[in-house]
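A.B. asks: Got a structure for you, written out below as structure tokens; questions coming shortly.
The values are calculated or read from the model by the stated rules, or taken from the named source; none is laboratory data. All of these numbers come straight from a predicted model, not from anything done at the bench. Note that each Cβ is placed from the backbone with ideal geometry, even for glycine, and that neighbours are counted across all protein chains shown. We work out accessible area using only protein heavy atoms, side chains counted, and drop any ligands, DNA or RNA first. Shrake-Rupley method; radii C 1.70, N 1.55, O 1.52, S 1.80 Å.
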Amino acid sequence: MTDKIFSKEEWLGGLEALRKTYGVFVPVKDGDFHTFMPFDKGNIPDFDYQNSRLSPKSVVYPQSERLFEYTLDKADSEADIVKESPKDYSPRAVVGIRPCDVQAFQIVKRNFDNPEYRDPWWVQHFESTTLVGLGCNEPCSTCFCTEVGGGPFNQEGLDVLIFDMGETYLLRGLTDKGEALLGKITGGSPADDQALKNAEDLAASASKKITSSIPTDKLKEKVTNDLFNAPFWEEIAFACLNCGTCTFLCPTCWCFDIQDEVLGKEGDRIRNWDSCMFPLFTLHGSGHNPRDNKFQRVRQRFMHKLKYYVDKYDNGVQCSGCGRCVRYCPVNIDIREVCNLMNNY
Amino acid sequence: MENPYLPYPVRIDKIITETEDRNLKTFRFVFLNPEDEEKFAYTPGQFAELSIAGKGEIPIGIASSPTEKGFVTFTVNKTGLVTTYLHNMNEGDVMGIRGPLGNWYPWDEMEGKNVIIVGGGFAFTTLRSSIISMIDPANRSKFKDITVVYGARTPGMLLYKDELAEWEQRDDINMHITVDGTDDPDWKYNTGFVPTITEEKITSADNAIAIVCGPPIMIKFTQPVLEKLGFPPERIILSLEMRMKCGIGICGRCNIGDQYVCKDGPVFSLAQLKEMPSEY
Ligand SMILES: Cc1cc2nc3c(=O)[nH]c(=O)nc-3n(C[C@H](O)[C@H](O)[C@H](O)COP(=O)(O)OP(=O)(O)OC[C@H]3O[C@@H](n4cnc5c(N)ncnc54)[C@H](O)[C@@H]3O)c2cc1C
Ligand code: SF4
Ligand code: SF4
Ligand code: FES
């Protein structure tokens, strides 16, 4: 573990240099919001931000991704045979990602990289990515990372952690991948004891700013069918528009659809993010739909995150407390309130 | 890196129209690369994704038995986009198969027991696989009595008619074929709904395990019949359907509670289902 201090100019210069080795993704101001984009001439990083509106999950798991390709041209001896699309797994770095979004990768990894099956695209994109996290000095009012096993300076899953010390950045290499990235940046000076202490103080004071209290301790012991049949689902779901904003923005939502698309005689098999909020998600060819009603779909979202996931992996909830779904739900449906209801039921 | 989404290329070797409404066809596939057949080693009860370039993939139960070598078969009901396209394909056409997927009937538990098979409509596919496998000389001695209740709306809607007739002739399997109704004066078998015939023909749950596959309505009315006979929920086995995509428990589509029907199922005991949300 190395701790190094960089002036902010030095660090920006260093990032420029990193682009020789890595595809660098940074938060870029995009209208009223921030979005993770490739660092190039048009996209200037802006680290003075709270969090991106869209989670950076798309760096590892694109919203739309070509998986396979094929030709339908019968003149071709390989017609109709589905082949893997070539992929670029050259190194990438996501710089400025928040610790909650890094924790989200750990949460979804249990799904995409499990003992029985490894999703080749997710795993290889993930393994080629270095996560350079930026601690949150000022968490938002909707954040609750500390309640779900994280924290504004949580180091779990990060390769490098950045402390914004005002005039300078303190960079901490946490893994071999992280040290390798730091090794490519010239300048900086070793952090002295005072700087380390300041960094720890900064982290401690940030944690204290998160005031939400959302206990999850009883979720595991609840009986699934008791929660499933609880009387509160209709009421929780009442105002929901099934717009899908919550699942779309969520860094821990991973559901996808697979579709074939054809142009002329060439075709692709692609996967697209999907959402359990849409009735089509579970519609059978016969017309039967196990989640025909809105409340069933809303229940599925919360039960998945706060009960099924908890039972399946015994490793916390499927939520990193980023607060996006709370901030952007047009009708103010709040996972913190639902979690309280479930935990206390 | 191994890719569990990549189908094995296959050629359609034979197409058989099964039913009078022509809505059910059996497709026999041969692997383009013979070594893929070994990799596709399966157990009755499993399913596969049939993959058609340009159209998509559909989960379909494997209708052939592992004792049948050189090909795999599936029986497909014409429903929507992919199944309709498949129905219009021809012998010799190339497509893909991905699998085998999911779990299987509890073969270890079934050994030494009387096996009751209750099937309705076109859900008889993996039951055919099971029967063929059980009556194979290498396997028959592992099971005690094998009794089959299989029903369809009309005689013309029964699947695998030649094989049904053949099984009727055997003395190591008790067949009870039924139809909801028929105006055929020569109809040799039963008339009546599957649950009713099950109640008539099955007399004991002693040392028996029941496998039930069929439309939801049939399952709903067969369940109490079996429970009345004394089958505990652990010995009533069902195979479920959910809309699916990945087939390997990753895309998040087919869950019932914390179980993915594609990976943890499609086969569940009634005892398991009673613990799971009734959302299927
Ligand atoms: C484990 C399992 C075994 C099955 N075995 C058989 C069988 O042996 N014979 C048979 O005829 N049918 C079987 N089905 C049902 C069959 O998968 C659907 O009828 C088929 O997917 C409909 O596809 P479509 O494109 O024609 O319909 P569309 O309605 O156009 O469906 C579009 C897509 O949605 C998905 N989908 C739609 N309905 C279902 C469904 N009921 N189950 C799963 N995915 C669905 C598929 O990806 C499909 O391509 C099985 C389903 C499951 C889950
Ligand atoms: S964002 Fe809010 S309204 Fe939209 S689907 Fe999610 S819970 Fe419903
Ligand atoms: S459920 Fe809401 S708070 Fe939790 S990770 Fe997803 S978007 Fe963030
Ligand atoms: S079909 Fe993807 S999880 Fe079951």
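A.B. asks: Which net charge results when you count Lys and Arg as +1 and Asp and Glu as -1 among the other residues whose beta-carbon is under 12 Å from that of A:W11?
C.D. replies: Local net charge: -3.
A.B. asks: Determine the distance separating the Cα centre of segment A:57-130 from the Cα centre of segment B:242-262; give it in Å without decimals.
C.D. replies: 19
A.B. asks: Distance in nm between label sites at A:T224 and A:N340, each 7 Å beyond Cα in the beta-carbon direction?
C.D. replies: 2.8
A.B. asks: Which percent of the accessible heavy-atom area of segment A:139-278 goes to carbon and sulfur, probe 1.4 angstrom?
C.D. replies: Details: 3400 of 6450 Å².
Answer for segment A:139-278: carbon and sulfur cover 53 percent of the accessible area.
A.B. asks: Oh, and also: Heavy atoms only, probe 1.4 Å: what % of the accessible area of segment A:1-131 goes to carbon and sulfur, would you let me know?
C.D. replies: Details: 2850 of 5770 Å².
On segment A:1-131, the fraction of accessible area on carbon and sulfur atoms equals 49 percent.
A.B. asks: Suppose each label sits 7 Å from its Cα in the direction of the beta carbon; what would the A:N272-B:D21 distance come out to in nanometres?
C.D. replies: 3.1
A.B. asks: Moving on. Counting pairs of alpha carbon atoms under 8 Å apart in space and at least six apart in sequence, what relative contact order in percent does segment A:222-345 give?
C.D. replies: 29 percent.
A.B. asks: Let me ask something additional. Over segment B:207-280, give the accessible area per residue in Å² for a 1.4 Å probe, as an integer. Let's see the in-between values first.
C.D. replies: Values: 2530 Å² over 74 residues.
Accessible area per residue, segment B:207-280: 34 Å².
A.B. asks: Assuming R0 = 45 Å, can you tell me the calculated FRET efficiency for the pair A:D217 and B:E35, based on Cβ-Cβ distance, to the nearest 0.05? Write down the numbers at each step before the final one.
C.D. replies: Numbers: r = 52 Å, r/R0 = 1.15.
Efficiency at R0 = 45 Å is approximately 0.30.
A.B. asks: Let me check against my output: what whole-number percent is the relative contact order of chain B, with C-alpha pairs under 8 Å and at least 6 apart?
C.D. replies: That works out to 18 percent.
A.B. asks: Here's a follow-up. Positive end of the charge dipole of segment B:49-128 (Lys, Arg +1 and Asp, Glu -1 on Cβ, about the Cα centre): tell me which of B:M95, B:G121, B:T79 has its Cα farthest that way.
C.D. replies: B:T79
A.B. asks: Which three lengths, in whole Å and largest first, does segment A:142-195 cover when its Cα atoms are put on their principal axes?
C.D. replies: 37, 26, 19
A.B. asks: Measure out, as a whole number of angstrom, how far apart the alpha-carbon centroids of segment A:216-275 and segment B:163-187 sit.
C.D. replies: Computed from Cα coordinates, the inter-centre distance equals 46 Å.
A.B. asks: Averaged over A:258-267, how many beta carbons belonging to a partner chain fall within 10 Å of each residue's beta carbon?
C.D. replies: Other-chain Cβ atoms within 10 Å of each residue's Cβ, averaged: 3.
A.B. asks: Given the whole protein assembly as supplied and a 1.4 Å probe, what does the accessible area of A:K184 come to in Å², nearest 10?
C.D. replies: Looks like 90 Å² after rounding.
A.B. asks: Nearest 0.05, what FRET efficiency do A:D292 and A:V331 give at R0 = 22 Å with Cβ-Cβ as r?
C.D. replies: Computed FRET efficiency for A:D292 and A:V331: 0.60.
A.B. asks: Using the basic label-point model (7 angstrom from Cα toward the beta carbon), what is the A:D176 to B:Q169 distance in nanometres?
C.D. replies: In this crude label model, A:D176 to B:Q169 measures out at 6.7 nm.
A.B. asks: Here is a further query. Highest mean first, how do A:255-265, A:216-226 rank when packing is the count of other Cβ atoms within 10 Å averaged over residues?
C.D. replies: Highest-to-lowest ranking by the protection proxy: A:255-265, A:216-226.
A.B. asks: Hey, could you grab the Kirkwood Rh for segment A:1-104? Inverse mean 1/r over distinct alpha carbon pairs, Å, one decimal.
C.D. replies: Values: mean 1/r = 0.0607 Å⁻¹.
Its Kirkwood hydrodynamic radius stands at 16.5 Å.
A.B. asks: Lys and Arg at +1, Asp and Glu at -1: add these up for the other residues within a Cβ distance under 14 Å of B:G120 and post the number.
C.D. replies: +1
A.B. asks: Could I ask something else about it? Run the Debye formula on the Cα coordinates of segment B:209-280, all scatterers equal and no solvent, and tell me log10 I(q)/I(0) at q = 0.17, 0.22 1/Å.
C.D. replies: -0.62, -0.95
A.B. asks: If packing is taken as the average number of other Cβ atoms within 10 Å across a peptide's residues, how do A:79-86, B:162-169 rank, most packed first?
C.D. replies: Ranked by mean Cβ neighbours within 10 Å, highest first: A:79-86, B:162-169.
A.B. asks: So what are the three principal axis dimensions of segment B:8-101 from its Cα atoms, in whole Å, longest to shortest?
C.D. replies: For segment B:8-101, the Cα spread along each principal axis is 34, 26, 22 Å.
A.B. asks: Can you work out the accessible area per residue across chain A, with the rest of the protein chains kept in place, probe 1.4 Å, in square angstrom?
C.D. replies: 43
A.B. asks: Using a 1.4 Å probe and counting only protein heavy atoms, how much accessible surface gets buried when A and B come together, both sides summed, in Å² to the nearest 100?
C.D. replies: 3800
A.B. asks: If I take R0 = 25 Å and measure r between the Cβ atoms of B:W187 and B:K78 in this structure, what FRET efficiency does the formula 1/(1 + (r/R0)^6) give, to the nearest 0.05? It would help to have the intermediate numbers written out before the result.
C.D. replies: Numbers: r = 26 Å, r/R0 = 1.04.
Given R0 = 25 Å and the Cβ-Cβ separation, E is 0.45.
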